[in-house]
Amino acid sequence: MPYELYYWDGLQGRGEFVRLALEEAGADYIDVVRGRKKGQGTAAMMKIMEGKSEAHIPFAPPFLKDGDLIVPHVANILMYLGPQLGLAPKDDKLRYVANGLQLTITDMVAEVHDTHHPISGGLYYEDQKDAAKARSDDFIQNRIPKFLDYFDRVLKQNPSGKEHAVGDKLTYVDLSLFQLIEGLRYAFPRAMKSLGRRYAALRALHDAVSQRPNIARYLASDRRIPFNEGGIFRHYPELDQEVA
């Protein structure tokens, strides 16, 4: 049976980190909410989330359904899928290293979200613009460099070589770092242009991932939803600035 991925329609968002792994592996999967067949669409996702009889309900998307098993949360999903898709280290101990890196990416993605929704996810961006500007100023000047310094060091200090984050072969962490850089470049182009020169290892990883055959085909296809101002990575020019 194909994997079933559940995430909001029309958005890359957090679901994109899972899509990239499935696409790289050439896995058989259904993007359920985007489907138009009977039993698909947003209603199918809400039926699971709001179900009264499902034993293990997810709090929010994305979640993955593999047969009867429901796996929620990006890092958890990727830790589950990684070995099945050949995108996790073979060494069991290194799988925990990979998961730790993915959780750190999750932390940064949460901070990206809070640049445009610093007060409440229940308010519109327009209702919290002043707070968003203050939050974005700090994120650009302090948090982006802190996270990217770390990820660049991870690559450079990998005993197996700086081509990958963990071990000597591509893992889901490499794919997620690619997506993180892509999202930051969309949301904060001025900041990332001024920061770009600092992170040679991250740039090289990003470029290498983008050229992998399955990823390149996916990026050029209509399955790759464009970035937009409904997702995690949003471009509001007034929030962007060069890094001091």
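The values are calculated or read from the model by the stated rules, or taken from the named source; none is laboratory data. Note that the coordinates shown come from a computational prediction; the quantities given were computed from them, not determined experimentally. Because the Cβ atoms are built from the backbone with ideal geometry, glycine has one as well, and the counts that use them run over all protein chains shown. To get the accessible areas, we keep the full protein, side chains included, count just its heavy atoms, and leave off ligands, DNA and RNA. Shrake-Rupley method; radii C 1.70, N 1.55, O 1.52, S 1.80 Å.
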Practice problem: Return a yes/no flag: does region 173-194 have any residue that is touching a residue at least 12 places away in the same chain (Cβ under 8 Å), assigned to a loop (DSSP other than H, G, I, E, B), open to solvent by less than 70 Å² (accessible area, probe 1.4 Å) and in contact with a Leu (Cβ under 9 Å, 6 or more places away or on another chain). | Solution: yes
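What do you reckon, is His117 of a type outside the set (A, V, I, L, M, F, W, C), without any contact (Cβ under 8 Å) to a residue 24 or more places away in the chain and within 29 Å of Tyr150 (Cβ to Cβ)?
On the way: of a type outside the set (A, V, I, L, M, F, W, C): yes; without any contact (Cβ under 8 Å) to a residue 24 or more places away in the chain: yes; within 29 Å of Tyr150 (Cβ to Cβ): yes.
Yes.
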Quiz prompt | Residues that are assigned to a loop (DSSP other than H, G, I, E, B), in contact with a strand residue (DSSP E or B) (Cβ under 8 Å, 6 or more places away or on another chain) and open to solvent by 40 Å² or more (accessible area, probe 1.4 Å), drawn from region 3-56 | solution = Asp28, Gln40, Glu54, His56
Self-check item: Count of residues meeting criterion [within 21 Å of Asn158 (Cα to Cα), open to solvent by less than 60 Å² (accessible area, probe 1.4 Å) and not in a helix (DSSP H, G or I)] in region 87-117
Solution: 3
Practice problem: Residues being surrounded by 15 or more Cβ atoms within 10 Å (Cβ to Cβ) and touching a Ser or Thr at 6+ places or on another chain (Cβ under 9 Å): count how many of those fall in region 118-132. | Solution: 3
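Conditions (1) among the aromatic types (Phe, Trp, Tyr); (2) in contact (Cβ under 8 Å) with a residue 60 or more places away in the chain; (3) under 30 Å from Lys133 (Cα atoms), marked per residue:
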site: Ile57; (1), (2), (3): no, no, no
site: Pro61; (1), (2), (3): no, no, yes
site: Lys65; (1), (2), (3): no, yes, no
site: Leu78; (1), (2), (3): no, yes, no
site: Pro83; (1), (2), (3): no, no, no
site: Asp91; (1), (2), (3): no, yes, no
site: Val109; (1), (2), (3): no, yes, yes
Quiz item: Which one of the conditions (1) under 17 Å from Gly13 (Cβ atoms); (2) open to solvent by 10 Å² or more (accessible area, probe 1.4 Å) does Phe147 fail to meet, given that it meets all the rest?
Solution: (1)
Quiz prompt | Lone unmet requirement of (1) closer than 21 Å to Ala187 by Cα; (2) surrounded by fewer than 20 Cβ atoms within 10 Å (Cβ to Cβ); (3) out of contact with any helix residue (DSSP H, G or I) (no Cβ under 6 Å at 6 or more places or on another chain) for Asn158 | solution = (1)
Quiz item: Which condition does His56 not pass, out of (1) out of contact with any Leu (no Cβ under 9 Å at 6 or more places or on another chain); (2) over 18 Å from Trp8 (Cα atoms), if it passes all the others?
Solution: (1)
Quiz item: Of the residues in region 209-223, how many are in a loop (DSSP other than H, G, I, E, B) and free of Cβ contacts under 8 Å to residues at least 12 places away in the same chain?
Solution: 4
Self-check item: Residue within region 231-241 that is assigned to a loop (DSSP other than H, G, I, E, B) and open to solvent by 50 Å² or more (accessible area, probe 1.4 Å) present
Solution: yes
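In this structure, does Ile225 turn out to be surrounded by fewer than 21 Cβ atoms within 10 Å (Cβ to Cβ) and more than 17 Å from Gly13 (Cβ to Cβ)? Talk me through it step by step, then tell me what you get.
Details: surrounded by fewer than 21 Cβ atoms within 10 Å (Cβ to Cβ): yes; more than 17 Å from Gly13 (Cβ to Cβ): no.
No: the conditions fail for Ile225.
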Exercise. Search region 197-208 for residues being farther than 21 Å from Thr106 by Cα and touching a residue at least 40 places away in the same chain (Cβ under 8 Å), and hand back the single one that is most open to solvent (accessible area, probe 1.4 Å).
Key: Arg198
Self-check item: Single residue of region 66-86 satisfying the filter (more than 18 Å from Asp31 (Cβ to Cβ) and open to solvent by less than 40 Å² (accessible area, probe 1.4 Å)) that is farthest from the chain's Cα centre (by Cα)
Solution: Gly82
